[in-house]
Amino acid sequence: MAYQGFAQEYLGIPAVTRAYTTACVLTTAAVQLEFITPFQLYFNPDLIFRKFQIWRLITNFLFFGPLGFSFFFNMIFLYRYCRMLEEGSFRGRTADFVFMFLFGGFLMTLFGLFASLFFLGQAFTIMLVYVWSRRNPYIRMNFFGLLNFQAPFLPWVLMGFSLLLGNSIIIDLLGIAVGHIYYFLEDVFPNQPGGKKLLLTPGFLKLVFDTPEEDPNYNPLPEDQPENQQQPPLQ
C-alpha cells in the first residue's frame with residue numbers, strides 16, 4: 001500500500017518537473033555509488049566539440065554536488081519552483097515550458113564557453129526561481145523565519161545566502177541574468193508599444209508535448225454520434 005501511495009504521488013508530479021528532478025537525483029546517486037564520476041559530467045567545450053562527448057551539454061545541468069546540505073537545498077528549490085511554474089503560468093503549455101528549458105540552457109551554455117563554469121544546474125534553478133518570482137510579485141516570502149520580503153527579491157536573497165556560505169555568486173548572477181532575459185522577451189517586450197512576441201515555441205515541440213485541442217466547429221457524422229450508435233443485443 002505504501003508503495004502504491006508513493007507511486008501515485010510520484011506520477012502526480014507534472015511531467016517536466018518529474019523528469020528533471022528524477023534525472024538530477026539519479027545522476028547524484030550514480031556518482032555517490034561510483035558508477036560514474038563528476039569528471040565524466042562537467043562542462044568542457046574541448047571534450048564536447050573535439051571528442052564529441054555531447055552528453056556533457058546535458059549532464060552539467062544534472063549534477064549538484066555530493067549528498068549534503070547544498071544538494072538537498074538545491075533540490076528543494078528546484079522541485080518547488082519548477083513544479084509551481086509548470087502547474088501555474090505554464091499549465092496546459094508543456095511545450096512552452098520545455099522551450100523555456102531549452103532557451104535558458106542554450107544561453108547558459110553560450111556563457112559557459114567563455115567562463116570556467118563546470119556545472120550549471122544551480123544557475124538553472126535560479127533562473128526558474130527568477131521567472132516564478134517575477135510572475136508572482138505580490139506573494140510574501142519568509143526565509144528561514146529571518147527575513148520577510150516579496151517574491152521578486154527571492155533570487156537576490158538566495159544569492160546573498162550563497163555569498164554567506166562562501167560560494168561564488170557568478171552562478172547565481174548567471175541564473176538571474178538568463179531568467180531576466182527570458183522574462184523580458186516573454187512577458188515585458190510583447191506588451192510594449194511596437195513590441196511583439198519573439199520567443200515562439202517550435203511546432204514540433206507543441207506536436208510532441210501538447211495535447212491537440214478539439215476543433216469547436218467540428219461536427220461528427222450522424223453515425224458517429226453516441227445517440228445514433230446501435231447497442232449490441234443483449235444475450
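The values are calculated or read from the model by the stated rules, or taken from the named source; none is laboratory data. Since the model is a prediction, treat every value here as computed from it, not as a measurement. Neighbour counts are summed over all protein chains in view; Cβ atoms, including those assigned to glycine, are modelled from backbone coordinates with ideal geometry. Note: areas computed on protein heavy atoms with side chains; ligands, DNA, RNA excluded. Shrake-Rupley method; radii C 1.70, N 1.55, O 1.52, S 1.80 Å.
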Handout entry: Residue ID - surrounded by the most Cβ atoms within 10 Å (Cβ to Cβ), chosen from residues in the stretch 56-74 that are modelled with pLDDT under 90 and in a loop (DSSP other than H, G, I, E, B)
Key = G65
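Report, by residue number, each residue of the stretch 5-34 that is of a type in the set (S, T, N, Q) and within 24 Å of F99 (Cβ to Cβ).
Narrowing the stretch 5-34 to residues of a type in the set (S, T, N, Q): 8, 17, 21-22, 27-28, 32.
Within the stretch 5-34, T17, T21, T22, T27 meet the criteria.
Here is a yes/no grid of residues against (1) open to solvent by less than 60 Å² (accessible area, probe 1.4 Å); (2) part of a strand (DSSP E or B); (3) closer than 23 Å to T17 by Cα:
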{"position": "F124", "(1), (2), (3)": "yes, no, yes"}
{"position": "M141", "(1), (2), (3)": "yes, yes, yes"}
{"position": "N167", "(1), (2), (3)": "no, no, no"}
{"position": "G195", "(1), (2), (3)": "yes, no, no"}
{"position": "L198", "(1), (2), (3)": "no, no, no"}
{"position": "T201", "(1), (2), (3)": "yes, no, yes"}
Exercise for the section: Return the residue satisfying two criteria in turn: it lies in the stretch 169-193 and is open to solvent by 40 Å² or more (accessible area, probe 1.4 Å) and either of a type in the set (S, T, Y) or in a loop (DSSP other than H, G, I, E, B) (or both), and of such residues it is nearest to F64 (Cα to Cα). Expected result: I169
Exercise for the section: Identify, from the list Q53, Q4, the residue that is over 28 Å from F184 (Cα atoms), not small (G, A, S) and not in a helix (DSSP H, G or I). Expected result: Q53
Exercise for the section: Check N148 against each of (1) more than 12 Å from A177 (Cα to Cα); (2) in a helix (DSSP H, G or I); (3) open to solvent by 70 Å² or more (accessible area, probe 1.4 Å) and name the one condition it does not meet. Expected result: (2)
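Within the stretch 28-50, can you find the residues that are in a helix (DSSP H, G or I) and under 18 Å from G112 (Cβ atoms)? Break it down stepwise before answering.
Of the stretch 28-50, the ones in a helix (DSSP H, G or I) are 28-32, 38-40, 45-50.
The answer is P38, F39, Q40, P45, D46, L47, I48, F49, R50.
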Problem - Filter result (under 21 Å from the mean Cα position of the chain (by Cα) and closer than 20 Å to F69 by Cα) within the stretch 138-162 - result: L154, P155, W156, V157, L158, M159, S162
Problem - Condition met for T22 (in a helix (DSSP H, G or I), closer than 21 Å to D172 by Cα and among the hydroxyl-bearing types (S, T, Y)) - result: no
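Do we find that F77 is open to solvent by less than 50 Å² (accessible area, probe 1.4 Å) and either under 23 Å from W132 (Cα atoms) or in contact with a Pro (Cβ under 6 Å, 6 or more places away or on another chain) (or both) in this structure?
Answer is yes for this residue.
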